Amino acid sequence: TALGTRCQRPGPARALGDALDHDPDLAVRGDALSALVRCRAPGTAERLARIWDDARLPTELRSRAVLESVALGDPRVAAQLVERFTHWRGDAVASAASLELAQSAAAAIGRLAPPGAANALIDALDDTAFPELVQAAALGLGALGPQCPAVARTRLSELARSGEASAPAAKRALAQCGH
């Protein structure tokens with residue numbers, strides 16, 4: 001964490017990168033990732049994408065890389081994340097890791113609001129086999145705030161009135177959608 005304030009310099013950035021890549025403690029690796037994002041170290045956007053795409057890494061670290069994209073705020077990373085969200089949704093049937101990553105991506109793209117985010121999140125509201133993904137998509141739509149389209153409000157309203165497990169999340173999202 002302390003190195004994060006100095007990681008524009010090569011030495012601290014390298015030390016954080018080494019900790020991220022090689023430390024046996026997952027918490028240390030996550031903190032190193034956060035420090036690199038916080039100081040916007042060169043190459044961080046690419047590093048986030050490499051981490052979330054690396055199936056050999058622990059899902060927890062991959063999910064954290066997805067969520068750290070919000071703090072980075074890079075529009076290129078946000079656009080990539082919309083694509084990855086759609087991919088992970090498709091793979092969720094066969095992979096628990098993909099389901100978890102899709103949930104994290106729904107939250108991230110809702111907060112980042114890149115082009116295509118609203119449509120991707122609205123489409124995910126139909127994933128009734130995965131109530132946790134529907135819930136994440138609803139909350140992502142709510143996080144869009146003023147950029148949440150009217151069609152999303154309609155869908156969220158329907159979901160909020162349903163008896164589905166994601167109805168409470170849809171109610172919360174409905175209060176934020178469009179505001």
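A few notes on this one:
- Among the residues of this structure, Ala19 counts as one that is hydrophobic (A, V, I, L, M, F, W, C) and assigned to a helix (DSSP H, G or I).
- Note on the stretch 85-97: residues that are under 13 Å from the mean Cα position of the chain (by Cα) and either crowded, with 21+ Cβ neighbours inside 10 Å or not in a helix (DSSP H, G or I) (or both) amount to 3.
- A single entry from Val82, Val28 fulfils the requirement of being under 11 Å from the mean Cα position of the chain (by Cα) and either open to solvent by 20 Å² or more (accessible area, probe 1.4 Å) or aliphatic (A, V, I, L, M) (or both): Val82.
- Residue match in the stretch 71-85 (condition: closer than 13 Å to Ala108 by Cβ, in contact (Cβ under 8 Å) with a residue 12 or more places away in the chain and acidic (Asp, Glu)): yes
- Within the stretch 1-14, not a single residue is at pLDDT 95 or above, of a type in the set (A, V, I, L, M), crowded, with 21+ Cβ neighbours inside 10 Å and at negative phi.
- Residue match in the stretch 131-143 (condition: surrounded by fewer than 20 Cβ atoms within 10 Å (Cβ to Cβ), on the phi < 0 side of the Ramachandran plot, in contact (Cβ under 8 Å) with a residue 12 or more places away in the chain and not β-branched (Val, Ile, Thr)): yes
- If you go through the stretch 41-73 and keep only what is assigned to a loop (DSSP other than H, G, I, E, B) and crowded, with 20+ Cβ neighbours inside 10 Å, you end up with just Ala41.
- Scan of the stretch 105-119 for residues that are surrounded by fewer than 24 Cβ atoms within 10 Å (Cβ to Cβ) and in contact (Cβ under 8 Å) with a residue 12 or more places away in the chain, ordered by number: Ala107, Arg111, Leu112, Ala113, Pro114, Pro115, Gly116, Ala118
The values are calculated or read from the model by the stated rules, or taken from the named source; none is laboratory data. These numbers come from a predicted model, not from an experiment. Cβ sites come from the backbone with ideal geometry, for glycine too, and all protein chains shown count toward neighbours. Side chains are part of the model used for accessible areas, which takes the heavy atoms of the whole protein and leaves out ligands, DNA and RNA. Shrake-Rupley method; radii C 1.70, N 1.55, O 1.52, S 1.80 Å.
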